[in-house]
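All remarks here apply to the structure that follows.
Since every read-out is calculated from the coordinates, none of them should be taken as a lab result. All of these numbers come straight from a predicted model, not from anything done at the bench. Don't worry about glycine lacking a Cβ; one is built from the backbone with ideal geometry, like all the others, and counts go over all protein chains shown.
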Amino acid sequence: MPETRTPPPARTDARRASRLGRVMLDLRLRLVALVLLSFGPPAALLITSELQQREHELGNARRELTRAAAVAGAEFDARLRSAQLLLAGLANVAAIRSAQEPRCSALLGELFARGAGLGGLFVLDRDGRTVCSATPGPQGLSFADRDYFKETVARRAPTIGVPLLARPHGRALLGLGHPLLGDAGEVRGVLVTSLDLAAFAEQLAALDPVAGAAVTLIDARGEILFRYPDAERWLGQRLPDAVLVRAALASTRGTAVEARGLDAVDRVYALAPLGAETGQVLRLALGVARSDIDGPVNEIVRRDLAAITLLAVLTLAAALLIAQRSVHAPAQRVLEVAHGERERVQAELALREERMQLQAAALSAAANGIVITDRDGTIRWVNAAFSRLTGYSADEAIGRNPRILKSGQHDAAFYAGLYRTVLCGEVWRGEMVNRRKDGSRYTEDQTITPVRSDSGEITHFIAIKQDVSERKTLQQQRERLAAIVEASPCFVATADAAGTVRYYNAAARRMLGLADDADPAQVRIADTHPAWAAERVLGEGIPAAVRDGIWTGETAFLARDGREFPVWQAILAHKAANGGVEFMSTIALDLSSIKQAESQLRNLNAELEQRVAQRTRQIETTNQELESFSYSVSHDLRAPLRAVDGYARMLEEDYAAALDQEARRLIAVVRAESGRMSAMIDDLLTFSRTGHGLIANGAVDMMVAAREAIAQTSPAYPAACVVLEDLPDAPGDRMLLRQVWVNLIGNALKYSSKAAAPRIEIGGRTDGAENRYWVRDNGAGFDPRYADQLFGVFRRLHGETEFPGTGVGLAIVRRVVTRHGGRVWAEGKPGAGACFGFALPRGH
């Protein structure tokens, strides 16, 4: 379908100028003929002009009436929505929901006094009886027969009734009901009010939207609810067959018609439906009589005819003079003025269009999300930032309600307060947590501004949204860090680049003896240190921190009571991107207790060194005594044994022939016991030497020590198979640890010598903080119940004749290992072999 375009102002002005030029030429050339024929052409022109003027005036009347009817319809819908919102808001008030008197009636009365156009405010019980009202009246007034009361109770939802004429004042009212629900959703009562349709129509008539207009309000049944003028004559009459009523009932949307009114007067009417949401649509008819529209035109025609007659006579006498001086020059000036006015209007329109384009571009490119909704909350426009913020594209958001962003974080009271603010025409500002399309939540700073029409009615809302999630997170982190710093037991302070202290934490105030409300800026850095520490901080610490970023060292602070206490102090310079110092901070740790502990430790160390020296002297004395004792034992006990053994050997050798068999056996026993006694003395001396004396602490190659022990003990047992695995090195005394291997390997060879195939396994490994070693054999074994007794002196589980020995070897093993900080163990079963092991700490 081709698009109809309005000619631009420039083209219209050009046509008018061209037409006016042609008219001026015709006037000059045909002025005489025009005067002579003045009664013909002017009459025809007058008739044509009258018809055009009548059509013009009729069109104006239609437009004015249609506009007035549309405004009236919008005003009525606004009042209806306002009344519904009022009932919904009152239904959430506890005093009204529970009908608490006198609070309930007082609240209703206060709101009724503010609400123009309401026929009353009542709270009814489930039976329709009045329990409280906005105006004084008899309690128990029943609304049980009202259709909107019944429908509200049945549906448990807001309803709108059928218009009716109230008695006795005879005014048309439109009833509204809103349920009062209990906690379980049951209907506890109904909140009702009514719109005074007559008051609405009276106000409309008083505004006189079109001069001399007749106002008629008709319900869906054809009943006249209001008529101006002559309201008393037509009120309450049901005239479904009247021409105007039929036209109004047949109209489903705003239109303009010509019809005969109730008073048989032909009028131009504008028809508009009111309250389409009620289901009981009312019709408003605004009409102006045709005589009122055509009358001014007829009067003009009469005046023009008289003027033309007079003009024809005068023009004949002075045609040329009038044409030159009175027509052509003024017309030229009119053209010039019209041309200038056209250019001014064009420039103004261009500027206005440019501003609108700039505003639209600014809104679209704004960094913050912008949403425009209508009064009902339907989204009408969003910018790109809104889509980036919420994840909803413009196509997905437009036509929907902003409740799609609700996160469930806020309760109904929060949103009720928001709606109450903006519906009152005020700007709402605040933070709220919303939900994106993907379900993630974010915090936004939002401003909602109502937009009013030229009539002052709120038509739209503009919401500006800014995502502050990151800012909230950073703020929470800063608050946590500030709380940590404030609660820290360390001294913490900050100062600006000029050296003025800006902050002390609680520990710093406590150390310096400052009150909690003391102004840090009044405290000089030099005054918080003794002279020597202040000189170091100001002369060394701060310059080094500015240069290197941080300085640490031991200083001291000075409390208000004059007490000096040592601290470990760190000074930090916090720099901007350009390298300049923004502020300084310091952290200090009170060293008083540490210094005191160090002093005590030094005293204890000195005392310990003195005790160690004293104990060392005692040990050296004891060792000397033990060495003397060992020498005595070795000399004093060995000499008699050698004598006994020597005399027995002499008897055996020199007097063998004189001795009988028993005597020779006894001499052999004496010599054997003497040798055994000598071996026991040797083992005791060895055992004694392993219990005292200093231990050489060095790295011992255990593989070498074990091989030497095998070489020393294995020749006596050639049938034995000895297997040596890798052994980890151990710290300790090489000679003593070698003795351990000699005793363990010697025992294993001895106690496995009677096995069919003697086998000795020697192994070791590192296990955590210790090295473990063992010697395993397949010999006689032992009863595991007596494992702990094996490492005692002279403890033996086998007879001397079965396996010779002194019973001191394993005791020596335990003493050496224990002195090295280790431990020993034994495992075995009779006839199934034995395993003897020891463990040494790796860092002994």
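With θ taken as phi - 60° and the Karplus curve 6.51 cos²θ - 1.76 cosθ + 1.60 applied, the whole-hertz 3J(HN,Hα) list for region 400-410 is 9, 9, x, 5, 4, 9, 4, 9, x, 6, 10 Hz, x standing for glycine and proline. Assuming charge only on the beta carbon of Lys and Arg (+1) and of Asp and Glu (-1), the dipole of region 509-579 about its Cα centre is about 120 debye to the nearest 20.
Spin-label pair Glu725-Val704: with each label point 7 Å from Cα along the Cα-Cβ axis, the two points sit 2.4 nm from one another.
Listed values for region 656-662 are Karplus-derived 3J(HN,Hα) couplings in whole Hz (6.51 cos²θ - 1.76 cosθ + 1.60, θ = phi - 60°), namely 4, 6, 8, 9, 7, 4, 5, and x replaces Gly and Pro.
In order along region 498-512, the Karplus-derived 3J(HN,Hα) couplings, from 6.51 cos²θ - 1.76 cosθ + 1.60 at θ = phi - 60°, round to 7, x, 7, 5, 10, 7, 10, 7, 4, 5, 5, 4, 5, 5, 8 Hz, and Gly and Pro are given as x.
Sort 571-577, 603-609 by packing, meaning the average of other beta carbons within 10 Å per residue, with the highest value first. Show your work: numbers first, answer last.
Numbers: 571-577: 15.0, 603-609: 10.4.
Top of the packing list down: 571-577, 603-609.
Amide H to amide H, with H built 1.01 Å from N, Val468 comes under 5 Å of Thr443, Glu444, Asp445, counting only residues 5 or more places away or on other chains. Amide H to amide H distances under 5 Å link Tyr392 with Lys437, where only residues 5 or more positions off or on other chains count and H is placed in the peptide plane.
Amide H of Phe226: which non-local residues (sequence gap of 5 or more, or other chain) have their own amide H closer than 5 Å, using H built in the peptide plane? Correct list: Leu217.
The translational diffusion coefficient of region 488-590, from Stokes-Einstein at 20 °C and 1.002 mPa s with a Kirkwood hydrodynamic radius over alpha carbon pairs, comes to 157 µm²/s.
What FRET efficiency comes out for the pair His574/Ala365, r = Cβ-Cβ distance, R0 = 41 Å, nearest 0.05?
Numbers: r = 37 Å, r/R0 = 0.90.
My answer for the efficiency is 0.65.
Between Ser455 and Ile594, what length in nm is gained on full extension when 0.36 nm per residue of separation is reduced by their alpha carbon distance? Present the calculation step by step, with values, prior to reporting the outcome.
Details: separation 139, 0.36 × 139 = 50.04 nm, distance 8.06 nm.
My answer for the length gained is 42.0 nm.
Simple spin-label estimate for Asp519 and Glu653 gives 11.5 nm between the two label positions (7 Å along the Cα-to-Cβ direction from each Cα). Here each label is just a point 7 Å from Cα along the line to Cβ, and for Ala413 and Glu202 those points are 4.1 nm apart.
Across region 368-472, the fraction of Cα-Cα pairs farther apart than 22 Å, rounded to a whole number, is 26%. Across region 695-841, counting alpha-carbon atoms alone, Rg and Dmax equal 14.4, 43 Å. When the charge dipole of region 695-841 is built from unit charges on Cβ atoms (+1 for Lys and Arg, -1 for Asp and Glu) and taken about the Cα centre, the candidate among Ile760, Phe782, Leu737 whose Cα reaches farthest toward its positive end is Phe782. As a proxy for reagent exposure, ranking Met650, Met703 by other Cβ atoms within 10 Å from fewest up yields Met650, Met703. Sorting Arg776, Arg290, Arg267 from the fewest to the most surrounding beta carbons within 10 angstrom yields Arg290, Arg776, Arg267.
By per-residue mean of other Cβ atoms within 10 Å, what is the highest-first order of 818-825, 181-188, 196-203?
Numbers: 818-825: 17.4, 181-188: 11.2, 196-203: 20.6.
Result, highest mean Cβ count within 10 Å first: 196-203, 818-825, 181-188.
Projecting the Cα positions of Cys424, Ser453, Gln409 onto the charge dipole of region 368-472 (unit charges on Cβ atoms of Lys, Arg, Asp and Glu, taken about the Cα centre) puts Gln409 furthest along the positive direction. This model, with +1 at the C-beta of Lys and Arg and -1 at the C-beta of Asp and Glu, gives region 695-841 a dipole about its Cα centre of some 320 debye.
Simple point charges give the picture: +1 on the Cβ of Lys and Arg, -1 on the Cβ of Asp and Glu, and for region 368-472 a dipole about the Cα centre of about 260 debye.
What ranking of Thr586, Thr552 emerges when the number of other C-beta atoms within 10 Å of each C-beta is taken as an exposure proxy, fewest first?
Working: Thr586 24, Thr552 14.
Going from sparsest to densest Cβ surroundings: Thr552, Thr586.
Using 0.36 nm times the number of residues separating Val468 and Ala559, minus their current alpha carbon distance, what extension gain do you get? Before the final figure, lay out the partial values.
Values: separation 91, 0.36 × 91 = 32.76 nm, distance 4.39 nm.
So the chain would gain 28.4 nm between Val468 and Ala559.
On a full-extension model of 0.36 nm per residue, what is the gain between Glu110 and Arg664, subtracting their alpha-carbon distance, rounded to one decimal in nm? Write out the running numbers ahead of the final one.
On the way: separation 554, 0.36 × 554 = 199.44 nm, distance 14.15 nm.
Value of the extension gain: 185.3 nm.
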